[in-house]
Structure formats: C-alpha cells, structure tokens
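Worksheet: the structure to be examined is printed underneath.
The values are calculated or read from the model by the stated rules, or taken from the named source; none is laboratory data. These numbers come from a predicted model, not from an experiment. Positions of Cβ are backbone-derived with ideal geometry, glycine not excepted, and every protein chain shown enters the neighbour counts.
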Amino acid sequence: MATDVHGSVSTQAGTSHGSGSGSGSGTDAPSPADDPGGARLAVQVAGLVREFDGRRVVDGLQLELRAGEFVALLGRSGCGKSTLLRVLAGLDREIQGEVWVPRRRAVAFQAPRLMPWKRVWRNVLLGLPGRPGRAAAQRALAEVGLDHRADAWPKTLSGGEAQRASLARALVRDPDLLLLDEPFGALDALTRIKAQRLVSEVWQERGCAVLLVTHDVEEALLLADRVLVMEDGRIASETVVDLPRPRDVADPRCAALRAQLLGRLGVTDADGAGEGAADAAAVAAADAVAEGRATVAV
Ligand SMILES: Nc1ncnc2c1ncn2[C@@H]1O[C@H](COP(=O)(O)OP(=O)(O)OP(=O)(O)O)[C@@H](O)[C@H]1O
Ligand SMILES: [Mg+2]
C-alpha cells in the first residue's frame, strides 16, 4: 500500500467546504476520521451533490483517499469527473454535502494554462502566497527536468514541456493532495509515457495523495493503487490494483484488470462502430500488448 511504502505525509490540518446548500466557506469542523484500517485520510467526501440548472451532475457521492494513495478516476465523458476535481480543488463551492481536503493541494489540468506574458519560472510561482523566490520555482522545475527552460516564454515550449511546467506549478505548492485532470490527454504517445513515468516518480518521492482523472484504462492500471469508475454522479465501482511497480500492461494480471474495467465502463469488443470505435481501437491495442506484440511499462 502506498502509505506504507512512502512514509508519512507531513501533518496537515484539513479544510472543509460545503454542507448546506450552495454555500461553502471553510469551517472549523473537526478533521476527517482515519479509515477503518487506521490509515490517515487525505480526502473524505460524504453526500456530495452538485447541480447545474437543476440537473444533478454529482449525486450523493462518497469518496475517501488515504494519505499517499494514488487513485485514478475513470468514467464516460460528461459523467462529472472534472466537476468533482474542481470541488476538491476548492474552485467550486456551490455544493451540498461534506468535503474534506488537505489545506495544501494543487491541481493540473489537461491544458497547461500558462500565462504567455510571464516567463516559465514566474508561471510556476503564479498565485503562491507570500513572495516566494526564484529558487523555489527552480527546484520544482528541476524535479520535472525543466530547470534549463526557466527563463523561456511559454509559447516556445513543446506540449510535453508545457505540461511539465504545469506540473512544476503544482509541485511548488508542496501539496498533500495532487489533483490531475487528464494531464497527459494532449500529448503524443512517447511523451505521454515519459510524463506518466515522471508523475509516478514524483509521487513516489513526495508521498502525496494523487487523484488522476483519465480516459485511459491502461494509464490508470500502470499508475494507481485503486481505480474508481464514476457513473450517475457517484463512484460506481472500485478496483484495487495490487500489483508491484513498475508495472507492465503485458502482465496477465494487468490484462485481466483491464478487461474487468472495460466491462465496467460498458466497452466490449462488439463496440466496433460509431461511438464505440475509439474504445474498440483501444481494446485492440491493449490486446496487442497482452499478446506481446507491444509493451508499455511505466
Ligand atoms: N459550469 C457549468 N455549467 C453548466 N453545466 C456544467 C458546468 N460544468 C459542467 N457542466 C456539466 O456537467 C456535466 C459534467 O461535466 P464534467 O466536465 O464534470 O464532465 P467530465 O466527466 O469531466 O467529462 P470529460 O470526460 O468529457 O472531461 C456535463 O454535462 C457538463 O455539461
Ligand atoms: Mg473533464
């Protein structure tokens, strides 16, 4: 289990938001409880509801993440994954229910969202309280292998570099909870594998809890301790990935979990046309990996 491997995450009082309808300032409510196994929780969500124009996108959602745990979140487009992440990030407080998250948390989105008029190192420090010095940015950039581009303008970065800058901006906050919303979605296959490996290394060194939203079942299986599937505004299923790292999708145990998850997502080999075509292609690619015709390992 991640928390055993990575040691303790720095002690940090949580903040809560939500409770009642449509409000959400932080309160002095007590910290979230430990889970029944005795591990400290990084996230505790109970009865979360988020509506848009009377439509319930999140509907009584329950969620717990242990400190230091890496959890991947899958689900069909529009099922509410980003909505949940925005709530956990504290960017959306128009909610009902209880949400406990660490005070120190950071989020990285699919689009790197760098300010084009600020050099990379200044982008990394953007929004940080106090007057952090360049050294902090430089350290975070070094962690993602981008310190040599600290003075660059964002528009001169490649897609992978911009994504790493975005990750550095999250890491400089020294988060106990790292929220990643499809951060590799726009990257080419090779850059994506490198970025996945980087996130895995950073997580193992930092020991923060990670919630990664992805559409990629294999990515989830390569990186996460647990894979959740969201459906109808709730967490509909949970798959524990109790496999040693680094993982290989060619491992038959990984292939079995992949098949199980694809089933939960409602994807079958029969989905060969229309909307299912992309998923079927993913299945075919995964089958190639399972048969040893291709290998991806993080
Ligand atoms: N600010 C908003 N106003 C109105 N509707 C919204 C708003 N934000 C999200 N929604 C709706 O809530 C639903 C869930 O959106 P969300 O972005 O959370 O989906 P998602 O699971 O992240 O999808 P994807 O995988 O495509 O990124 C969608 O139907 C979306 O249109
Ligand atoms: Mg989304």
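Assorted remarks:
- Within the stretch 59-68, being surrounded by fewer than 24 Cβ atoms within 10 Å (Cβ to Cβ) and in contact with a helix residue (DSSP H, G or I) (Cβ under 6 Å, 6 or more places away or on another chain) holds for one residue alone: R66.
- Yes/no for A150 being in contact (Cβ under 8 Å) with a residue 60 or more places away in the chain and either under 15 Å from the mean Cα position of the chain (by Cα) or away from ligand 2 (no atom under 16 Å from the Cβ) (or both): no
- Unique residue being touching a Leu at 6+ places or on another chain (Cβ under 7 Å), within 15 Å of ligand 1 (Cβ to nearest atom) and charged (D, E, K, R) when the list is R234, R253: R234
- Meets criteria (within 11 Å of ligand 1 (Cβ to nearest atom) and in a strand (DSSP E or B)) for R76: no
- Residue within the stretch 183-197 that is under 27 Å from G145 (Cβ atoms), in contact with a strand residue (DSSP E or B) (Cβ under 9 Å, 6 or more places away or on another chain), at pLDDT 95 or above and within 16 Å of ligand 2 (Cβ to nearest atom) present: no
- Pair list, Cβ < 8 Å and 6+ apart or interchain, from the stretch 168-182 residues that are away from ligand 2 (no atom under 16 Å from the Cβ) to residues that are of a type in the set (F, W, Y) and not in a loop (DSSP other than H, G, I, E, B): L178/W203
- Residues that are within 22 Å of L198 (Cα to Cα) number at least 3 in the following strands (runs of 3 or more DSSP E) confined to the stretch 84-183: 105-108, 177-181.
- Among the residues making up the stretch 142-187, those that are of a type in the set (A, V, I, L, M, F, W, C) and farther than 19 Å from C208 by Cβ are L146, A150, A152, W153, L157, A162, A186, L187.
- Residue match in the stretch 99-106 (condition: within 14 Å of ligand 1 (Cβ to nearest atom), among the hydrophobic types (A, V, I, L, M, F, W, C) and touching a Lys or Arg at 6+ places or on another chain (Cβ under 8 Å)): no
- Here E219 passes the criteria (1) charged (D, E, K, R); (2) surrounded by fewer than 17 Cβ atoms within 10 Å (Cβ to Cβ); (3) in contact (Cβ under 8 Å) with a residue 12 or more places away in the chain; (4) under 24 Å from S166 (Cβ atoms) except the one numbered (2).
- Qualifying position, being touching a strand residue (DSSP E or B) at 6+ places or on another chain (Cβ under 7 Å) and surrounded by 15 or more Cβ atoms within 10 Å (Cβ to Cβ), among V144, V107: V107
- Listed by first and then second residue, the pairs linking a residue in the stretch 109-126 that is under 17 Å from L91 (Cβ atoms) to a residue that is of a type in the set (V, I, T) and within 16 Å of ligand 2 (Cβ to nearest atom), with Cβ atoms under 9 Å apart and 6 or more places separating them unless they lie on different chains, are Q110/V213.
- Checked against the criteria, G68 does not count as outside any strand (DSSP E or B), modelled with pLDDT under 95 and either within 19 Å of A224 (Cβ to Cβ) or not acidic (D, E) (or both).
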